[in-house]
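Trainee: The structure that follows is given in the form of structure tokens.
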Amino acid sequence: MKQLGRRGSCIAHCFFLIGFFVTGVNSLSALLSQSPSPMIQLVNQAVEISCTVKEESMENLGLYWLRKTERDEELEFIISSTSQLGKASYGHKISPDKFKMKRTQFQNYFTLSIANLDHTDSGVYYCMTATSIKQEYVFGNGTILSVVDFLPTTTIKPKTTKKKQQNVKKCKCKKISTTPVAGVSCSAVIWAPLSGLALMLMIGLYLLTSHTYRVYRRTYMYFRKYSPK
């Protein structure tokens with residue numbers, strides 16, 4: 001395995017600047033897709049970052065992995081593979097036991113494996129492809145890796161704000177009155193027939209009384225006239 005050293009890191013940094021200012025930002029996410037992003041992992045654990053190549057075969061492409069950490073603002077070259085035989089080149093102070101690269105030709109993607117994570121491995125990792133003929137450099141969208149001592153176990157519940165009730169009037173139900181309400185329609189429809197019926201009963205009673213009295217009077221006079229003395 002060939003060690004590139006500081007020269008390889010400088011070359012990779014130049015590749016990164018060329019990719020952003022020459023090929024444009026839109027081409028970065030269109031041709032290379034990284035996953036997952038972002039990701040959190042514990043110390044002493046291992047992670048794997050994948051990069052899928054779109055719309056182009058990896059046969060004639062050089063494959064690279066780079067990263068940008070908080071302690072170093074410059075882009076750092078990690079590992080590259082320029083042939084299908086799987087031979088890898090490493091950057092300055094990059095351990096082959098810690099970083100490994102794998103390319104899957106038939107599925108058109110390559111991966112970066114990181115073992116024995118520590119806090120210094122936190123940063124943004126970029127995949128990059130380069131063609132040997134056209135000298136075109138394309139970058140992935142980046143994967144943010146955070147190495148922590150403990151994974152978060154508590155979830156923060158979203159705050160719910162109660163809406164203030166403004167000018168809310170309570171509906172008061174009115175009691176239904178049981179007392180009859182006098183009205184024009186009520187006296188005309190109900191009381192008029194009742195009054196007529198009562199008048200007819202009084203007239204009938206008067207006629208019946210008069211007839212009975214006359215019958216009684218005639219009967220009394222008859223028995224008085226013809227009764228023996």
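Trainee: Whenever you get a sec, line up D72, D121, D97 from highest to lowest accessible area (probe 1.4 Å, protein heavy atoms).
Mentor: Values: D72 65, D121 5, D97 125 Å².
So, going from the largest accessible area down, we get D97, D72, D121.
Trainee: A further question follows. Give me the one-decimal nm value for the distance between modelled label points at D118 and T104, 7 Å along each residue's Cα-to-Cβ direction.
Mentor: 3.1 nm
Trainee: If you count only protein heavy atoms and use a 1.4 Å probe, how large is the accessible surface of K68, to the nearest 10 Å²?
Mentor: Answer for K68: close to 90 Å² accessible.
Trainee: Ok, one more. Please work out how much accessible surface E136 shows to a 1.4 Å probe, ignoring ligands, DNA and RNA, in Å² rounded to 10.
Mentor: Estimated to the nearest 10 Å², E136 gives 100 Å².
The values are calculated or read from the model by the stated rules, or taken from the named source; none is laboratory data. The structure presented is a predicted model; accordingly, all values stated were derived computationally and were not measured. Methodologically, a virtual Cβ is constructed for each residue, glycine included, from the backbone with ideal geometry; neighbour enumeration extends over all protein chains shown. For accessibility, only protein heavy atoms count, side chains too; no ligands or nucleic acids. Shrake-Rupley method; radii C 1.70, N 1.55, O 1.52, S 1.80 Å.
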